[in-house]
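The values are calculated or read from the model by the stated rules, or taken from the named source; none is laboratory data. All figures in this text were calculated on a predicted structure; none of them were measured in a lab. Every residue, glycine as well, gets a Cβ built from its backbone with ideal geometry; the counts of neighbours run over all protein chains shown.
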C-alpha cells in the first residue's frame with residue numbers, strides 16, 4: 001500500500017464550517033481555486049488532489065470506493081469530524097460514495113454534473129491514448145505540446161485543461177497524473193459507484209450543466225432513490241465544467257440560495 005498522502009490547498013478562517021472540494025478525472029485541486037477563494041470568506045475551504053492526480057500519491061489500484069476511503073483517512077488526519085462535501089464528475093462519484101458510507105460526517109452534499117449510474121468507459125479512452133502517445137522527450141515547450149495535441153483535442157478550453165497536467169522541470173517534461181494507472185482503471189471508474197441499497201438521507205444538491213450530456217432527465221429516478229432529499233439545479237448556459245462556465249450560478253447553488 002502506498003503512502004496515502006493527499007495533496008490539498010487550505011484557506012479560510014479557523015472555527016468556520018468546513019467545505020471539501022473534489023475535482024474530476026484528469027483534474028486537480030487547481031480547478032477549484034476561483035470558487036475556493038470566494039467560499040473562503042465564510043468557510044474553511046479544502047481542495048484535494050485525488051490519488052493518481054496532481055501532487056497526490058500514485059498507486060496502481062484506483063476505484064471510487066478506494067478514493068472514498070482515501071478521503072476518510074485524510075479527514076481523520078485533519079481532525080474533520082463533519083464537513084460540506086462537493087465533488088465534480090469523478091469527484092462527484094467519490095463524494096456520493098463517501099456520503100453513503102459516512103453520512104454522519106457529511107453536513108451537506110453537492111454533486112456537480114454526474115449521476116449515480118454507469119458511464120461508458122470507452123468515452124475517455126481516446127483522451128488517454130492521445131496523451132500517452134505524446135513523445136515527451138521531443139518536447140521543447142508547452143506551446144510545442146499544445147501544437148501536437150491540437151488535432152486530437154480541437155476544443156481549445158479542453159486542450160488547455162489537459163495541459164495543466166503537463167509540467168516541465170529543468171527541460172524535462174512529465175505528466176503529473178498517473179496516466180497508465182488511470183487508463184487501466186477506467187472500467188471501474190466509469191461504473192455506478194453505489195450499490196442498489198446505498199443511500200444518504202441528508203441535504204443534497206445536484207448542480208448540472210444544461211449543455212452537458214452527463215446527467216439526463218431519466219437519471220432523476222436514480223438520484224432520488226439514493227438521495228431522497230436531493231434538489232436538482234440546472235444551469236442552462238453551462239457545460240460539464242459547471243463551476244468554471246457559470247461561476248455565479250454555481251456559487252448560488254452551492255450556497256443553497
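Points to keep in mind about this one:
- Across the stretch 106-116, the number of residues qualifying as in contact with a helix residue (DSSP H, G or I) (Cβ under 7 Å, 6 or more places away or on another chain) and surrounded by fewer than 18 Cβ atoms within 10 Å (Cβ to Cβ) comes to 0.
- Total residues in the stretch 216-239 satisfying the condition of being touching a helix residue (DSSP H, G or I) at 6+ places or on another chain (Cβ under 9 Å), part of a loop (DSSP other than H, G, I, E, B) and under 14 Å from residue 198 (Cβ atoms): the figure is 1.
- Among residues of the stretch 175-188 being surrounded by 15 or more Cβ atoms within 10 Å (Cβ to Cβ) and in contact with a helix residue (DSSP H, G or I) (Cβ under 6 Å, 6 or more places away or on another chain), the one that is nearest to residue 223 (Cα to Cα) is 186.
- Cβ pairs under 6 Å, 6+ apart, first in the stretch 12-23 and in the same structural domain as residue 79 (by TED's automatic domain parsing), second crowded, with 20+ Cβ neighbours inside 10 Å and assigned to a loop (DSSP other than H, G, I, E, B): 12/43; 16/43; 17/43; 19/43
- Single residue of 249, 201 found to be touching a strand residue (DSSP E or B) at 6+ places or on another chain (Cβ under 6 Å) and assigned by TED's automatic domain parsing to the domain that holds residue 84: 249
- Scanning the stretch 88-106 for residues being farther than 17 Å from residue 199 by Cβ and part of a strand (DSSP E or B) gives a total of 1.
- When 76, 38, 70 are checked against the criterion of being free of Cβ contacts under 8 Å to residues at least 12 places away in the same chain and not assigned by TED's automatic domain parsing to the domain that holds residue 161, a single residue qualifies: 76.
- Residues in the stretch 142-180 that are within 21 Å of residue 56 (Cβ to Cβ), without any contact (Cβ under 8 Å) to a residue 40 or more places away in the chain and not in a helix (DSSP H, G or I): 166, 167, 168, 169, 172, 173, 174.
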